[in-house]
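Peer 1: Below is one structure. I have some questions about it.
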Amino acid sequence: MKQINTKIKQTLVFLITLALLLTMTAAPVTSFAGEKTGNIVNIKDKKYSYSDMETDLKQFVKTYPDIVALESLGKTADKRKIYCLRMGNPKAKKQIIVQAGIHAREWLNCQMLMKSVERYLVNYKTGKYNKMTYEEIFDQVTVYVIPMVNPDGVTISQYGINKIKNKTLRKKLKKMKRYGSYKRWKANARGVDLNRNFPASWGRKKAEKKPASQGYPGKKAKSEKETQAVLKLIKRMSNLKACVNFHSRGELIYWGAVGNGTARKNAYKLAKTIKKTNGYKLVDESKTYGAGGDLERYFIAKKKIPYVCVETGKENCPLKHKSFSGIYKKNKTVIEKTARLYCKPKK
Ligand SMILES: [Zn+2]
């Protein structure tokens, strides 16, 4: 009898442990870094792909239809959508743009940005910054997020060129000059470095004269669908206040402005705010000319709107997944702090 009892006990213990383990692995991560962050974007996913992002974006809209809206700004050469998520009051008088993944291998930032957005959605009514709830902040400033500007390139960096569907593109990709393995890919699927393709000092430095894994500015400015998509969004804004662009690596914040007037003051204000948030080092690009055709040059010289290029991470790209939580913690509040700068002072 005693033996049977022990056996039953053992079986019970085993079953309970099994059940616990099963629920633990099935249970979504709803809290991270000590706060509610939702269960849509999986932070354990070590290779956050275009299709993961697409699924999550659609789930955002389904779960939070009153807060967000999704649109495609265009399609890439390999027919992936360039998604843009709008968060907050669509009729707000001010807007900011936040984006990630313009350089293929810097894709960890896409997941980081998506998780940051989900954190706002989960805590929309209760989360606060500087005496205002998120709802109040995003009621005054609409946020436009392009979480993955270069989905074809990200696909190449994550899976190699076999995941490129178009045969002609694949053929051309095989012949392109490459710096390192496909993991290190930076350009889009046409071998154009998108952050050299904007219409501001375009082609000043032609690191590459032909399509390559990095450094080629394209046949002409705005030749690429991804560049056109970003420009289309910028053009539509009625009162764009700032643009934050996540890159990797170096833990730096590039910023700049033309002249010494208000534009510089405003640009510095944004840069300082981001520095306070993530502790990265400021680099003033006002007096340098950069590579040309970069989005920062376009904002500094043409739009004269505050811009920061935030370089996350330390090691070579693609960044390792173990860096995710540190980068997320340092940058998760960048959006609220940027938007809050342009809110009316609270009485
Ligand atoms: Zn970059």
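Peer 1: Which one of these is surrounded by fewer than 24 Cβ atoms within 10 Å (Cβ to Cβ), in contact (Cβ under 8 Å) with a residue 12 or more places away in the chain, away from the ligand (no atom under 16 Å from the Cβ) and among the basic types (Lys, Arg): Lys206, Lys210?
Peer 2: Working: Lys206 fails: in contact (Cβ under 8 Å) with a residue 12 or more places away in the chain.
Of Lys206, Lys210, the one residue that is surrounded by fewer than 24 Cβ atoms within 10 Å (Cβ to Cβ), in contact (Cβ under 8 Å) with a residue 12 or more places away in the chain, away from the ligand (no atom under 16 Å from the Cβ) and among the basic types (Lys, Arg) is Lys210.
Peer 1: Tyr307 is checked against (1) surrounded by fewer than 22 Cβ atoms within 10 Å (Cβ to Cβ); (2) in contact (Cβ under 8 Å) with a residue 12 or more places away in the chain and fails just one. What number does that condition carry?
Peer 2: Status for Tyr307: all satisfied but (1).
Peer 1: Mind checking which strands (runs of 3 or more DSSP E) fall wholly inside segment 237-289 and carry at least 2 residues that are more than 23 Å from Asn195 (Cα to Cα) and either modelled with pLDDT of 95 or more or away from the ligand (no atom under 15 Å from the Cβ) (or both)?
Peer 2: Numbers: elements: 240-248, 252-255, 281-284.
Passing ranges: none, list empty.
Peer 1: Among (1) surrounded by fewer than 21 Cβ atoms within 10 Å (Cβ to Cβ); (2) aromatic (Phe, Trp, Tyr); (3) more than 30 Å from Tyr342 (Cα to Cα), where does Tyr48 come up short?
Peer 2: (1)
Peer 1: For segment 290-304, what are the residues that are away from the ligand (no atom under 13 Å from the Cβ), of a type in the set (D, E, K, R) and either buried (at least 24 other Cβ atoms within 10 Å of the Cβ) or under 22 Å from Lys332 (Cα atoms) (or both)?
Peer 2: Arg297
Peer 1: Further, regarding this structure: Pull up segment 288-335, narrow it to residues that are charged (D, E, K, R) and touching a helix residue (DSSP H, G or I) at 6+ places or on another chain (Cβ under 6 Å), then point me to the one that is farthest from Thr126 (Cα to Cα).
Peer 2: Residues of segment 288-335 charged (D, E, K, R): 294, 296-297, 302-304, 311, 314-315, 320, 322, 329-330, 332.
Right, trim to touching a helix residue (DSSP H, G or I) at 6+ places or on another chain (Cβ under 6 Å) and you get 294, 304, 330, 332.
Working: Asp294: 38, Lys304: 34, Lys330: 21, Lys332: 16 Å.
The qualifying residue farthest from Thr126 (Cα to Cα) is Asp294.
Peer 1: Report, by residue number, each residue of segment 57-77 that is within 30 Å of Leu169 (Cα to Cα), of a type in the set (A, V, I, L, M, F, W, C) and part of a helix (DSSP H, G or I). Let's see the steps before the verdict.
Peer 2: Taking segment 57-77 as the starting set, the residues that turn out to be within 30 Å of Leu169 (Cα to Cα) are 57-58, 70-77.
Subsequent filtering for residues that are of a type in the set (A, V, I, L, M, F, W, C) retains 57, 70, 73, 77.
Within segment 57-77, Leu57 is the sole residue that qualifies.
Peer 1: What number of residues within segment 213-230 are closer than 24 Å to Thr338 by Cα and free of Cβ contacts under 8 Å to residues at least 40 places away in the same chain?
Peer 2: 1
Peer 1: While we're looking at this one, here's another question. Across segment 249-275, what is the total count of residues that are in contact (Cβ under 8 Å) with a residue 60 or more places away in the chain and either surrounded by 19 or more Cβ atoms within 10 Å (Cβ to Cβ) or not β-branched (Val, Ile, Thr) (or both)? Don't jump to the end; show me each part of the working.
Peer 2: Step one: of segment 249-275, the residues in contact (Cβ under 8 Å) with a residue 60 or more places away in the chain are 249-251, 269-270, 273-274.
Within this subset, residues satisfying the condition of being either surrounded by 19 or more Cβ atoms within 10 Å (Cβ to Cβ) or not β-branched (Val, Ile, Thr) (or both) are 249-251, 269-270, 274.
Matching residues across segment 249-275 total 6.
Peer 1: For segment 78-89, which positions are over 16 Å from Gly101 (Cα atoms), touching a helix residue (DSSP H, G or I) at 6+ places or on another chain (Cβ under 7 Å) and part of a loop (DSSP other than H, G, I, E, B)? Walk me through how you get there before you give the answer.
Peer 2: Applying the first criterion (over 16 Å from Gly101 (Cα atoms)) to segment 78-89 yields 78-79, 86-89.
Of the ones still in play, those that are also touching a helix residue (DSSP H, G or I) at 6+ places or on another chain (Cβ under 7 Å) are 78, 87-89.
Answer for segment 78-89, where residues must be over 16 Å from Gly101 (Cα atoms), touching a helix residue (DSSP H, G or I) at 6+ places or on another chain (Cβ under 7 Å) and part of a loop (DSSP other than H, G, I, E, B): Asp78, Gly88, Asn89.
Peer 1: Residue by residue through segment 78-94, note down the ones that are of a type outside the set (Ser, Thr, Tyr) and under 30 Å from Ser323 (Cβ atoms). Step through it out loud before you land on a result.
Peer 2: Quick first cut of segment 78-94, residues of a type outside the set (Ser, Thr, Tyr) only: 78-82, 84-94.
Those that are of a type outside the set (Ser, Thr, Tyr) and under 30 Å from Ser323 (Cβ atoms): Asp78, Arg80, Lys81, Ile82, Cys84, Leu85, Arg86, Met87, Gly88.
Peer 1: State the number of residues belonging to segment 305-338 that are under 19 Å from Lys186 (Cα atoms), within 16 Å of the ligand (Cβ to nearest atom) and not β-branched (Val, Ile, Thr).
Peer 2: Filtering segment 305-338 down to residues under 19 Å from Lys186 (Cα atoms) leaves 309-321.
Still in the list and also within 16 Å of the ligand (Cβ to nearest atom): 309-319.
Restricting the remaining residues to those that are not β-branched (Val, Ile, Thr) gives 309, 311, 313-319.
Going through segment 305-338 one residue at a time, the tally reaches 9.
Peer 1: In segment 143-158, which residue that is surrounded by 24 or more Cβ atoms within 10 Å (Cβ to Cβ) and not aliphatic (A, V, I, L, M) is farthest from Gln214 (Cα to Cα)?
Peer 2: Pro147
Peer 1: Any residue at all in segment 221-231 that's in contact with a Leu (Cβ under 7 Å, 6 or more places away or on another chain), more than 14 Å from the ligand (Cβ to nearest atom) and part of a loop (DSSP other than H, G, I, E, B)?
Peer 2: yes
The values are calculated or read from the model by the stated rules, or taken from the named source; none is laboratory data. Bear in mind that the values here come from a model prediction, so they are computed numbers and not experimental data. Neighbour counts are summed over all protein chains in view; Cβ atoms, including those assigned to glycine, are modelled from backbone coordinates with ideal geometry.
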